[in-house]
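The values are calculated or read from the model by the stated rules, or taken from the named source; none is laboratory data. Note that the structure is predicted; figures quoted are calculated from it, not measured. FYI the Cβ positions are ideal-geometry reconstructions off the backbone, even for glycines, and counts take in every protein chain you see.
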Amino acid sequence: MYLTDRSAPAQTGADAGRIRGRRPAVAPVVLVLGTVSLITDISSEMVTAVLPLYLVSTLGFSPLGFGTLDGIYNGVSALVQLTGGHLADRVRGHKLMAGLGYGLSALCKPLLLLAGSLGTLGTVLALERTGKGLRTAPRDAMISLSTPAANQGRAFGVHRAMDTTGAMLGPLTAFLILRAAADGYDAVFGVSTCVAVLGVLVLVLFVPGRRQPGRTEEAGPPRPKPSVGEALALLRLPRLRALAGCAALLGLTTVSDAFLYLLLQRRAGVGDAWFTLLPLGTAVVFLLLAVPMGALADRVGRRTVFLAGHLALLAAYALLLWAPAAPVLAPVVLALHGTFYAATDGVLPAALAGVVPEHLRASGLAIVGTSQALARFCCSLGFGAAWTMWGDGPALACSAAGLVCCAVVAGLVLRPADGTR
């Protein structure tokens with residue numbers, strides 16, 4: 001059930017009744033939220049696909065400057081996740097907080113057209129990531145609370161597969177726009193804005209405001225609104241501490257997607273015109289494997305699948321360091337990168353279903369997500385500085401060595417007491 005336990009918890013009477021009644025393993029709200037994420041990711045990944053090349057080649061940013069912006073892009077949402085998760089639990093308004101987050105991100109897209117300096121771009125990206133931070137934990141809480149415990153991995157896998165469909169279509173759309181439009185980057189940012197607004201409309205119109213009946217509330221009087229202290233008290237749960245700590249530890253050595261694509265472009269000799277298609281390779285593999293990996297995690301243990309995903313990432317690092325610049329290098333690295341995400345992105349939140357109480361689910365998801373995102377923020381800053389001082393090869397070698405050490409520690413920390421995987 002957990003990353004530290006492959007056994008599923010005993011079913012409650014309500015859960016058993018739902019299974020006998022053959023309720024679908026994936027609730028309708030998961031499919032609707034997946035549609036929202038699909039549309040939003042088309043918008044976001046259009047920008048993400050062109051941003052590294054736009055900043056480094058067009059605006060002339062150094063690796064350190066780009067690492068700073070990339071850290072902001074990935075790290076600001078981490079700080080906001082705690083606020084978004086707690087407010088969603090406190091006002092019992094997961095849809096409201098998710099809607100605010102999606103709306104803020106949509107409003108920031110056109111501002112990229114006006115930003116040209118490090119400070120301005122940093123501010124716009126920080127606001128855009130604030131929107132992501134506000135929406136992530138409430139959205140995942142809606143998925144978790146509408147799904148039986150035994151099917152958490154499958155439900156998150158379905159959502160991540162739909163999300164990744166958008167991540168696959170986004171770079172492709174950006175590629176086509178850059179080839180067709182005279183002012184390619186401006187056109188990408190403009191179309192991205194329109195698509196983001198469409199995602200907000202789907203959320204407002206089709207996502208139900210109340211939790212779907214996939215899980216029942218515990219009997220008894222209504223709970224009081226959770227306080228900040230009650231949310232922070234979740235850190236007293238040993239399993240949650242283990243999950244948050246290992247997510248942070250591994251995040252410290254997880255090189256950001258943008259840096260990995262820049263490294264792959266240099267190693268494999270990918271032309272600038274084809275750079276925006278590199279995220280497409282990751283997205284295709286992620287899409288194909290997200291549901292199978294989620295279902296596998298439900299069966300064999302989330303710890304096993306989670307750690308295996310990081311081994312795939314380590315293999316990608318090794319190829320970038322030592323493999324010759326052959327035509328097959330790019331697809332193999334992208335396949336390993338997509339496998340890493342399929343084995344980790346949905347598995348981690350699925351592991352929290354049996355750890356965190358329902359009335360604090362968004363807060364628990366936010367704590368673990370924040371620990372991981374802050375660690376990746378530090379990794380982006382550190383990797384950008386190391387690349388600037390020592391070069392890309394030594395910087396990646398340090399990350400690979402750190403990943404080996406962190407994976408060993410995580411495997412020991414998450415090892416269940418009964419010796420199962």
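Within the stretch 258-269, identify whether any single residue is under 20 Å from A373 (Cβ atoms), over 15 Å from the mean Cα position of the chain (by Cα) and among the hydroxyl-bearing types (S, T, Y), and answer yes or no. Yes: the stretch 258-269 contains one or more residues that are under 20 Å from A373 (Cβ atoms), over 15 Å from the mean Cα position of the chain (by Cα) and among the hydroxyl-bearing types (S, T, Y). Being farther than 20 Å from L38 by Cβ, touching a residue at least 60 places away in the same chain (Cβ under 8 Å) and in a helix (DSSP H, G or I) is true of P110. Note on the stretch 1-103: enclosed helices (runs of 4 or more DSSP H) holding 1 or more residues that are touching a Phe, Trp or Tyr at 6+ places or on another chain (Cβ under 8 Å) and at pLDDT 70 or above are 28-53, 63-91. For the stretch 349-359, a residue qualifies if it is surrounded by fewer than 23 Cβ atoms within 10 Å (Cβ to Cβ) and either assigned to a helix (DSSP H, G or I) or under 16 Å from the mean Cα position of the chain (by Cα) (or both), and the qualifying residues are E358, H359.
Restricting attention to the stretch 129-140, does a residue exist that is at pLDDT below 85 and among the polar types (S, T, N, Q)? Scanning the stretch 129-140 turns up no residue that is at pLDDT below 85 and among the polar types (S, T, N, Q).
The condition of being of a type in the set (S, T, Y) and surrounded by 23 or more Cβ atoms within 10 Å (Cβ to Cβ) does not hold for T388. Of all residues in the stretch 185-228, exactly one satisfies the criterion of being at pLDDT below 80, within 30 Å of G354 (Cα to Cα) and not in a loop (DSSP other than H, G, I, E, B), namely V228. Residues that are in a loop (DSSP other than H, G, I, E, B) and at pLDDT below 90 do occur in the stretch 333-348.
Residues checked against (1) buried (at least 22 other Cβ atoms within 10 Å of the Cβ); (2) part of a helix (DSSP H, G or I):
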{"site": "L249", "(1), (2)": "no, yes"}
{"site": "Q265", "(1), (2)": "no, yes"}
{"site": "V284", "(1), (2)": "no, yes"}
{"site": "V291", "(1), (2)": "yes, yes"}
{"site": "P324", "(1), (2)": "no, no"}
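The numbered conditions (1) closer than 14 Å to R303 by Cβ; (2) touching a helix residue (DSSP H, G or I) at 6+ places or on another chain (Cβ under 6 Å) are all true for L412 except (2). Residues of the stretch 327-347 that are surrounded by fewer than 23 Cβ atoms within 10 Å (Cβ to Cβ) and either within 18 Å of D298 (Cβ to Cβ) or polar (S, T, N, Q) (or both): D345 alone.
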